[in-house]
Amino acid sequence: MTAHSMKMKWLAQAAVVAALAVTHAQAQQAPGGERIQREKTVTAIESGQWTGKRLKDGQPDVQGHWSNTIANHNNWTDPQGGVPGDPGRNGPPKTPRSERAPSRVSDPVDGEVPFQPWAQATQQEFLKYFHNPIKEQYVEPLARCAPAGVPKSFTWHGYEIRQFPGYVLFLFNSGTRVIHLDGKPHLPENIKLWNADSRGHWEGNTLVVDVTNNNAKARLARTGEFFSENVHIEERYIFNADGTRYNYVATITDPTVFTRAWTATIPARRFTLQDEPDGWHYEVALANQPPGKPPLIERYERICVENNGPFGNIAVLGAK
């Protein structure tokens, strides 16, 4: 390849990156989150038999690009309600609560996290200082480019699922997560991870995952919900018959923080070549392919900059 052709190729790649950056900025700046998926309801999907395509090792084939359908990570119990106290674009919603998507808390039926009184006070404190983190503990970990954790990763941008014999791999915008299907025991209790330790198996159309060893440093949303290192999560990824959607249903147990076990439900849908790439759900580009080869979709690597978002003066605080 000549120096001129290499330069032209580099310029073309730079143009693609620049266009994607503009798209991402537009998605982030859209008032009220118009570019974020805005479905108002969550359709139930029942566990049952898997009738779709299978991989060579017998796993249901659910590989591909996915994202949640109702909102981003702004608000856990009112996904389309913005962040209380936000002076910017994520401020008070313009529609009645009855016209917005349901809480991600599907049990209890009131849609509220069953915090113990002290934990409720802590969550409210996190929320109060979210936009003005005057203390280290108020800083949202994502503002410092930390992994989004479990289960927040499912509301923080789209992601890709890849499958290998004995494993399911999630490629998140903020890191990776491996679910072991090979019967290995969990890690020792003293090892804590941002994306926890996951051991799973398939039951028909449902991937059932036991999640332990969570370092509990990630928040659930910008509204400050949290749990402790003692948390135990049982996840159920329930896929529909044609593999175009699934519901993430997680039972969260942590007697240190909550008065009872509770359930979170996050609906997701698949993105394909028929969907237009955007700056949130479908952060992809077409890879270079030889002539005649089918299109190949690849996620691009996340570029994270501290203080990238409505988090207050995080970079300044961190420099003190």
| query | Filtering the stretch 144-157 down to residues that are farther than 21 Å from ASN230 by Cβ and not basic (Lys, Arg), which residue is surrounded by the fewest Cβ atoms within 10 Å (Cβ to Cβ)? | reply | CYS145
| Cβ pairs under 9 Å, 6+ apart, first in the stretch 44-59 and free of Cβ contacts under 8 Å to residues at least 40 places away in the same chain, second part of a loop (DSSP other than H, G, I, E, B) | ARG54/ASP61
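To keep it simple, each residue is scored yes or no on (1) under 19 Å from GLN63 (Cα atoms); (2) acidic (Asp, Glu); (3) touching a Pro at 6+ places or on another chain (Cβ under 7 Å).
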residue: ASN132; (1), (2), (3): no, no, no
residue: GLU136; (1), (2), (3): no, yes, no
residue: CYS145; (1), (2), (3): no, no, no
residue: THR155; (1), (2), (3): yes, no, no
residue: THR176; (1), (2), (3): yes, no, no
residue: LEU181; (1), (2), (3): yes, no, no
residue: ASP197; (1), (2), (3): no, yes, no
residue: GLY204; (1), (2), (3): yes, no, no
residue: LEU207; (1), (2), (3): yes, no, no
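Yes or no, residue by residue, for (1) modelled with pLDDT of 95 or more; (2) surrounded by fewer than 18 Cβ atoms within 10 Å (Cβ to Cβ); (3) in a loop (DSSP other than H, G, I, E, B):
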| site | (1), (2), (3) |
| --- | --- |
| ILE191 | yes, yes, yes |
| ASN195 | yes, no, yes |
| HIS201 | yes, yes, no |
| LEU207 | yes, no, no |
| ASP210 | yes, yes, no |
| ARG236 | yes, no, no |
| TYR246 | yes, no, no |
| THR263 | yes, yes, no |
| LEU273 | no, yes, yes |
| request: Taking the residues in the stretch 165-181 that are small (Gly, Ala, Ser) and under 19 Å from the mean Cα position of the chain (by Cα) as candidates, determine which candidate is nearest to LYS152 (Cα to Cα). | output: SER174
| query | Does ARG270 satisfy the criteria of being over 20 Å from GLY149 (Cα atoms), in contact with a Lys or Arg (Cβ under 9 Å, 6 or more places away or on another chain) and in contact (Cβ under 8 Å) with a residue 40 or more places away in the chain? | reply | yes
| field | Flag for VAL284 being touching a residue at least 60 places away in the same chain (Cβ under 8 Å) and more than 19 Å from GLY64 (Cα to Cα) | value | no
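When only residues in the stretch 84-143 that are charged (D, E, K, R) and either under 22 Å from the mean Cα position of the chain (by Cα) or buried (at least 16 other Cβ atoms within 10 Å of the Cβ) (or both) count, which is nearest to ASN72 (Cα to Cα)?
ARG104
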| query | Is the stretch 241-248 home to any residue that is at negative phi, touching a strand residue (DSSP E or B) at 6+ places or on another chain (Cβ under 9 Å) and of a type in the set (Gly, Ala, Ser)? | reply | no
| Which condition breaks for GLU306 when tested against (1) at pLDDT 90 or above; (2) in contact with a helix residue (DSSP H, G or I) (Cβ under 8 Å, 6 or more places away or on another chain)? | (1)
| Right, ALA216: modelled with pLDDT of 95 or more, among the small types (Gly, Ala, Ser), farther than 26 Å from ILE45 by Cβ and in a loop (DSSP other than H, G, I, E, B) or not? | yes
| strands (runs of 3 or more DSSP E) fully within the stretch 68-186 counting 1 or more residues that are of a type in the set (A, V, I, L, M) and touching a residue at least 60 places away in the same chain (Cβ under 8 Å) | 105-107, 159-164, 167-172
| query | With respect to MET1, is the statement that it is surrounded by fewer than 13 Cβ atoms within 10 Å (Cβ to Cβ), in contact with a helix residue (DSSP H, G or I) (Cβ under 9 Å, 6 or more places away or on another chain) and either modelled with pLDDT of 55 or more or of a type in the set (A, V, I, L, M, F, W, C) (or both) true? | reply | yes
| said: Being over 30 Å from GLY52 (Cα atoms), charged (D, E, K, R) and modelled with pLDDT of 95 or more is the filter here; which residues of the stretch 219-234 pass it? | reply: ARG219, GLU225, GLU229
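The values are calculated or read from the model by the stated rules, or taken from the named source; none is laboratory data. Keep in mind that what you see is a predicted model, and the values were worked out from it rather than measured. Heads up, the Cβs are rebuilt from the backbone with ideal geometry, glycines too, and the neighbour counts pull from every protein chain shown.
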